[in-house]
1. Which one is surrounded by the most Cβ atoms within 10 Å (Cβ to Cβ) among residues in region 73-105 that are over 24 Å from P155 (Cβ atoms) and away from the ligand (no atom under 16 Å from the Cβ)?
2. Quick check: is even one residue across region 20-30 surrounded by 14 or more Cβ atoms within 10 Å (Cβ to Cβ), touching a residue at least 12 places away in the same chain (Cβ under 8 Å) and in a strand (DSSP E or B)?
3. Considering only residues that are free of Cβ contacts under 8 Å to residues at least 12 places away in the same chain and in a loop (DSSP other than H, G, I, E, B), which ones fall in region 172-202?
4. Looking only at residues in region 106-140 that are open to solvent by less than 20 Å² (accessible area, probe 1.4 Å) and of a type in the set (D, E), which one is nearest to the ligand (Cβ to nearest atom)?
5. So, A57, is that one touching a residue at least 60 places away in the same chain (Cβ under 8 Å), of a type in the set (G, A, S) and either assigned to a helix (DSSP H, G or I) or over 28 Å from T103 (Cβ atoms) (or both) or not?
6. Kindly indicate which of T195, T126 is out of contact with any Cys (no Cβ under 8 Å at 6 or more places or on another chain), among the polar types (S, T, N, Q) and within 20 Å of V83 (Cα to Cα).
7. Of everything in region 135-160, what is under 20 Å from T26 (Cα atoms) and assigned to a loop (DSSP other than H, G, I, E, B)? Give them in sequence order.
8. From P191, P219, grab the single residue that is surrounded by fewer than 12 Cβ atoms within 10 Å (Cβ to Cβ) and not aromatic (F, W, Y).
Amino acid sequence: MKIDILTIFPRMFDALNESLIGKAQTRELVDIQTVDFRDYADNKHNTVDDAPYGGGAGMLLQAQPILDAYEDIESKSNTKKRVILLDPAGKKFDQAMAKDFATAEELVFICGHYEGYDERVKTIVTDEVSIGDYVVTGGELAAMIMIDATMRFVPGVLGNDISAYDDSFSNDLLEFPQYTRPADYKGMKVPEVLTSGNHELIRQWRLRESLKKTYLKRPDLLENREFTNEEEKMLREIKADLL
Ligand code: SAM
(Lines give C-alpha, C1' and ligand atoms only; values in the text may rest on other atoms or scores of the structure.)
Protein backbone atom coordinates (compact mmCIF):
# COMPACT_ATOMS: atom_id res chain seq x y z
CA MET A 1 0.00 0.00 0.00
CA LYS A 2 1.15 3.55 -0.70
CA ILE A 3 0.25 6.46 1.57
CA ASP A 4 0.90 10.10 0.70
CA ILE A 5 0.39 12.78 3.31
CA LEU A 6 -0.04 16.39 2.28
CA THR A 7 1.01 18.52 5.25
CA ILE A 8 2.94 21.61 6.24
CA PHE A 9 4.33 19.76 9.28
CA PRO A 10 5.97 16.65 7.77
CA ARG A 11 8.21 16.02 10.79
CA MET A 12 5.17 15.23 12.92
CA PHE A 13 4.94 11.96 10.97
CA ASP A 14 8.28 10.76 12.33
CA ALA A 15 6.09 9.09 14.97
CA LEU A 16 5.03 6.60 12.28
CA ASN A 17 8.60 5.29 12.15
CA GLU A 18 8.06 3.68 15.57
CA SER A 19 6.33 0.48 16.66
CA LEU A 20 4.17 -1.60 14.31
CA ILE A 21 3.84 1.03 11.59
CA GLY A 22 7.60 1.56 11.60
CA LYS A 23 8.10 -2.18 11.19
CA ALA A 24 5.49 -2.30 8.42
CA GLN A 25 7.50 0.34 6.57
CA THR A 26 10.79 -1.51 7.05
CA ARG A 27 9.14 -4.68 5.75
CA GLU A 28 7.78 -2.70 2.77
CA LEU A 29 4.16 -3.52 3.59
CA VAL A 30 3.49 0.19 3.26
CA ASP A 31 5.30 3.10 1.65
CA ILE A 32 4.50 6.31 3.55
CA GLN A 33 5.59 9.60 1.98
CA THR A 34 5.00 13.09 3.29
CA VAL A 35 4.63 15.98 0.87
CA ASP A 36 5.13 19.49 2.24
CA PHE A 37 2.67 21.46 0.15
CA ARG A 38 4.43 24.67 1.19
CA ASP A 39 6.97 23.65 -1.47
CA TYR A 40 4.22 24.12 -4.07
CA ALA A 41 3.25 27.68 -3.05
CA ASP A 42 3.33 29.98 -6.07
CA ASN A 43 4.81 32.95 -4.20
CA LYS A 44 8.33 33.74 -3.12
CA HIS A 45 7.53 33.61 0.64
CA ASN A 46 6.04 30.11 0.35
CA THR A 47 2.82 31.32 1.94
CA VAL A 48 -0.03 28.80 1.83
CA ASP A 49 -2.75 30.68 3.73
CA ASP A 50 -4.81 33.80 3.30
CA ALA A 51 -7.72 35.63 4.89
CA PRO A 52 -11.25 34.36 4.14
CA TYR A 53 -13.40 36.23 1.64
CA GLY A 54 -16.27 37.88 3.46
CA GLY A 55 -14.15 38.47 6.55
CA GLY A 56 -13.90 36.55 9.79
CA ALA A 57 -11.23 35.42 12.19
CA GLY A 58 -8.18 33.39 11.20
CA MET A 59 -6.64 32.25 7.96
CA LEU A 60 -7.53 29.56 5.44
CA LEU A 61 -5.30 27.21 3.49
CA GLN A 62 -5.34 28.18 -0.15
CA ALA A 63 -6.46 25.66 -2.75
CA GLN A 64 -3.50 26.21 -5.14
CA PRO A 65 -0.59 24.64 -3.19
CA ILE A 66 -2.68 21.62 -2.16
CA LEU A 67 -4.11 21.03 -5.64
CA ASP A 68 -0.68 21.41 -7.26
CA ALA A 69 0.93 19.04 -4.76
CA TYR A 70 -1.80 16.49 -5.46
CA GLU A 71 -1.39 16.89 -9.23
CA ASP A 72 2.29 16.08 -8.78
CA ILE A 73 1.43 12.90 -6.83
CA GLU A 74 -1.07 11.91 -9.53
CA SER A 75 1.48 12.43 -12.28
CA LYS A 76 3.81 9.91 -10.60
CA SER A 77 1.44 6.92 -10.49
CA ASN A 78 -1.81 5.91 -12.13
CA THR A 79 -2.96 3.89 -9.12
CA LYS A 80 -6.57 4.55 -8.08
CA LYS A 81 -6.42 6.87 -5.09
CA ARG A 82 -8.67 7.50 -2.10
CA VAL A 83 -8.17 11.14 -1.21
CA ILE A 84 -9.03 11.75 2.43
CA LEU A 85 -9.63 15.26 3.71
CA LEU A 86 -9.22 15.58 7.48
CA ASP A 87 -12.11 17.74 8.58
CA PRO A 88 -14.20 17.95 11.77
CA ALA A 89 -17.28 18.17 9.52
CA GLY A 90 -16.48 14.84 7.84
CA LYS A 91 -17.93 11.38 8.41
CA LYS A 92 -16.84 10.01 11.77
CA PHE A 93 -13.94 7.57 11.44
CA ASP A 94 -14.57 4.07 12.74
CA GLN A 95 -13.31 0.50 12.52
CA ALA A 96 -15.41 -0.24 9.41
CA MET A 97 -13.83 2.72 7.62
CA ALA A 98 -10.33 1.57 8.65
CA LYS A 99 -11.09 -1.86 7.17
CA ASP A 100 -12.35 -0.25 3.98
CA PHE A 101 -9.32 2.08 3.64
CA ALA A 102 -7.04 -0.96 4.05
CA THR A 103 -8.33 -2.33 0.72
CA ALA A 104 -7.12 0.75 -1.21
CA GLU A 105 -3.93 0.70 -3.24
CA GLU A 106 -3.07 4.30 -2.48
CA LEU A 107 -4.37 6.66 0.20
CA VAL A 108 -3.76 10.39 0.14
CA PHE A 109 -4.35 12.32 3.37
CA ILE A 110 -4.77 16.10 3.28
CA CYS A 111 -4.02 17.74 6.61
CA GLY A 112 -5.62 21.09 7.28
CA HIS A 113 -4.48 23.87 9.57
CA TYR A 114 -5.49 27.36 10.70
CA GLU A 115 -9.26 27.72 10.19
CA GLY A 116 -9.39 25.02 7.53
CA TYR A 117 -9.38 25.00 3.75
CA ASP A 118 -10.56 26.94 0.75
CA GLU A 119 -13.65 24.94 -0.28
CA ARG A 120 -12.20 24.28 -3.76
CA VAL A 121 -9.71 21.81 -2.26
CA LYS A 122 -12.67 19.42 -2.12
CA THR A 123 -12.68 18.99 -5.91
CA ILE A 124 -10.06 16.21 -5.54
CA VAL A 125 -11.42 14.64 -2.35
CA THR A 126 -13.14 11.24 -2.23
CA ASP A 127 -13.70 11.07 1.56
CA GLU A 128 -14.14 13.82 4.15
CA VAL A 129 -13.35 12.26 7.51
CA SER A 130 -13.35 13.37 11.15
CA ILE A 131 -11.81 11.70 14.20
CA GLY A 132 -14.66 12.88 16.42
CA ASP A 133 -16.76 15.77 17.58
CA TYR A 134 -13.95 18.00 18.78
CA VAL A 135 -11.44 20.28 17.07
CA VAL A 136 -7.68 19.76 17.08
CA THR A 137 -5.09 22.21 15.76
CA GLY A 138 -4.24 20.37 12.57
CA GLY A 139 -5.04 17.26 10.54
CA GLU A 140 -1.70 15.57 11.32
CA LEU A 141 -2.69 13.76 14.52
CA ALA A 142 -6.02 12.83 12.95
CA ALA A 143 -4.25 11.37 9.90
CA MET A 144 -1.87 9.37 12.11
CA ILE A 145 -4.77 7.84 14.01
CA MET A 146 -6.44 6.83 10.74
CA ILE A 147 -3.22 5.45 9.26
CA ASP A 148 -2.49 3.40 12.37
CA ALA A 149 -6.01 1.94 12.58
CA THR A 150 -6.02 1.23 8.82
CA MET A 151 -2.63 -0.46 8.84
CA ARG A 152 -3.85 -2.99 11.42
CA PHE A 153 -6.02 -4.43 8.62
CA VAL A 154 -3.23 -4.69 6.07
CA PRO A 155 -2.22 -8.36 5.87
CA GLY A 156 1.08 -9.07 7.64
CA VAL A 157 1.21 -5.88 9.71
CA LEU A 158 0.07 -7.49 12.98
CA GLY A 159 1.91 -10.76 12.45
CA ASN A 160 0.32 -14.06 11.59
CA ASP A 161 -1.31 -15.00 14.87
CA ILE A 162 -3.04 -11.69 15.64
CA SER A 163 -6.00 -10.36 13.71
CA ALA A 164 -7.53 -6.89 13.75
CA TYR A 165 -10.78 -8.70 13.06
CA ASP A 166 -10.72 -9.85 16.73
CA ASP A 167 -10.25 -6.32 18.08
CA SER A 168 -13.01 -4.32 19.72
CA PHE A 169 -15.56 -2.90 17.22
CA SER A 170 -14.61 -5.32 14.42
CA ASN A 171 -17.82 -7.28 14.93
CA ASP A 172 -19.68 -4.53 16.76
CA LEU A 173 -18.65 -6.00 20.09
CA LEU A 174 -16.10 -4.75 22.62
CA GLU A 175 -13.29 -7.15 23.38
CA PHE A 176 -13.70 -9.52 26.35
CA PRO A 177 -11.53 -9.04 29.48
CA GLN A 178 -8.02 -10.48 29.20
CA TYR A 179 -5.55 -11.71 31.84
CA THR A 180 -1.93 -12.77 31.89
CA ARG A 181 0.35 -14.34 34.51
CA PRO A 182 0.22 -14.71 37.47
CA ALA A 183 -3.12 -16.53 37.86
CA ASP A 184 -3.39 -15.14 41.40
CA TYR A 185 -2.12 -11.63 42.03
CA LYS A 186 -2.51 -10.57 45.67
CA GLY A 187 -5.72 -12.57 45.91
CA MET A 188 -7.14 -11.26 42.60
CA LYS A 189 -7.73 -14.45 40.67
CA VAL A 190 -8.06 -15.07 36.96
CA PRO A 191 -11.49 -16.58 36.08
CA GLU A 192 -11.07 -20.34 36.43
CA VAL A 193 -12.40 -21.15 32.97
CA LEU A 194 -9.40 -19.42 31.35
CA THR A 195 -6.94 -21.82 32.96
CA SER A 196 -9.13 -24.89 32.31
CA GLY A 197 -7.69 -25.64 28.86
CA ASN A 198 -11.26 -26.26 27.59
CA HIS A 199 -11.33 -24.26 24.35
CA GLU A 200 -15.08 -24.46 23.85
CA LEU A 201 -15.84 -23.21 27.36
CA ILE A 202 -13.28 -20.43 26.92
CA ARG A 203 -14.90 -19.40 23.62
CA GLN A 204 -18.33 -19.28 25.25
CA TRP A 205 -17.03 -17.33 28.26
CA ARG A 206 -15.33 -14.78 26.00
CA LEU A 207 -18.40 -14.30 23.84
CA ARG A 208 -20.63 -13.86 26.89
CA GLU A 209 -18.19 -11.33 28.42
CA SER A 210 -17.96 -9.42 25.14
CA LEU A 211 -21.73 -9.21 24.90
CA LYS A 212 -22.05 -8.16 28.54
CA LYS A 213 -19.34 -5.49 28.28
CA THR A 214 -20.88 -4.09 25.10
CA TYR A 215 -24.39 -4.13 26.57
CA LEU A 216 -23.20 -2.27 29.67
CA LYS A 217 -20.71 0.16 28.10
CA ARG A 218 -21.81 0.69 24.50
CA PRO A 219 -25.41 -0.51 24.04
CA ASP A 220 -25.60 1.64 20.87
CA LEU A 221 -23.32 -0.89 19.14
CA LEU A 222 -25.93 -3.60 19.62
CA GLU A 223 -28.85 -1.62 18.20
CA ASN A 224 -28.56 -2.68 14.55
CA ARG A 225 -26.41 -5.74 15.00
CA GLU A 226 -27.50 -9.15 13.74
CA PHE A 227 -27.14 -11.82 16.42
CA THR A 228 -26.60 -15.55 16.10
CA ASN A 229 -29.00 -17.77 18.06
CA GLU A 230 -26.26 -18.40 20.60
CA GLU A 231 -25.63 -14.67 21.06
CA GLU A 232 -29.36 -13.92 21.41
CA LYS A 233 -29.71 -16.55 24.11
CA MET A 234 -26.63 -15.27 25.97
CA LEU A 235 -27.84 -11.68 25.81
CA ARG A 236 -31.24 -12.70 27.23
CA GLU A 237 -29.45 -14.44 30.11
CA ILE A 238 -27.15 -11.47 30.69
CA LYS A 239 -30.10 -9.09 30.87
CA ALA A 240 -31.96 -11.42 33.26
CA ASP A 241 -28.87 -11.72 35.51
CA LEU A 242 -28.57 -7.96 35.69
CA LEU A 243 -32.20 -7.44 36.81
N1 SAM B 1 -12.48 26.02 11.62
C2 SAM B 1 -12.56 24.61 11.45
C3 SAM B 1 -13.95 24.14 11.83
O4 SAM B 1 -14.59 24.77 12.67
O5 SAM B 1 -14.38 23.11 11.32
C6 SAM B 1 -11.54 23.90 12.30
C7 SAM B 1 -10.16 24.01 11.77
S8 SAM B 1 -8.98 23.08 12.68
C9 SAM B 1 -8.36 24.23 13.83
C10 SAM B 1 -7.66 22.88 11.56
C11 SAM B 1 -7.59 21.56 10.87
O12 SAM B 1 -7.41 20.54 11.82
C13 SAM B 1 -8.81 21.13 10.08
O14 SAM B 1 -8.86 21.75 8.82
C15 SAM B 1 -8.59 19.63 9.98
O16 SAM B 1 -7.68 19.29 8.97
C17 SAM B 1 -7.96 19.33 11.32
N18 SAM B 1 -8.96 18.85 12.29
C19 SAM B 1 -9.38 19.49 13.41
N20 SAM B 1 -10.27 18.75 14.08
C21 SAM B 1 -10.43 17.61 13.39
C22 SAM B 1 -11.23 16.45 13.56
N23 SAM B 1 -12.08 16.32 14.58
N24 SAM B 1 -11.13 15.46 12.63
C25 SAM B 1 -10.29 15.58 11.58
N26 SAM B 1 -9.51 16.66 11.37
C27 SAM B 1 -9.57 17.66 12.25
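1. This residue is I73.
2. No; the residues of region 20-30 include none that is surrounded by 14 or more Cβ atoms within 10 Å (Cβ to Cβ), touching a residue at least 12 places away in the same chain (Cβ under 8 Å) and in a strand (DSSP E or B).
3. Within region 172-202, Q178, T180, R181, P182, K186, G187, V190, S196, G197, N198 meet the criteria.
4. The selected residue is E140.
5. no
6. Criteria check complete, one pass: T126.
7. R152, F153, V154, P155, G156, V157, L158, G159, N160
8. Result: P219 is the single residue among P191, P219 that is surrounded by fewer than 12 Cβ atoms within 10 Å (Cβ to Cβ) and not aromatic (F, W, Y).
The values are calculated or read from the model by the stated rules, or taken from the named source; none is laboratory data. Please read all numbers here as calculations on a predicted model, not as lab measurements. Ideal geometry is used to build each Cβ from the backbone, glycine not excepted, and the neighbour counts take in all protein chains shown. All accessible areas refer to the heavy atoms of the entire protein, side chains included, with ligands and DNA or RNA removed. Shrake-Rupley method; radii C 1.70, N 1.55, O 1.52, S 1.80 Å.
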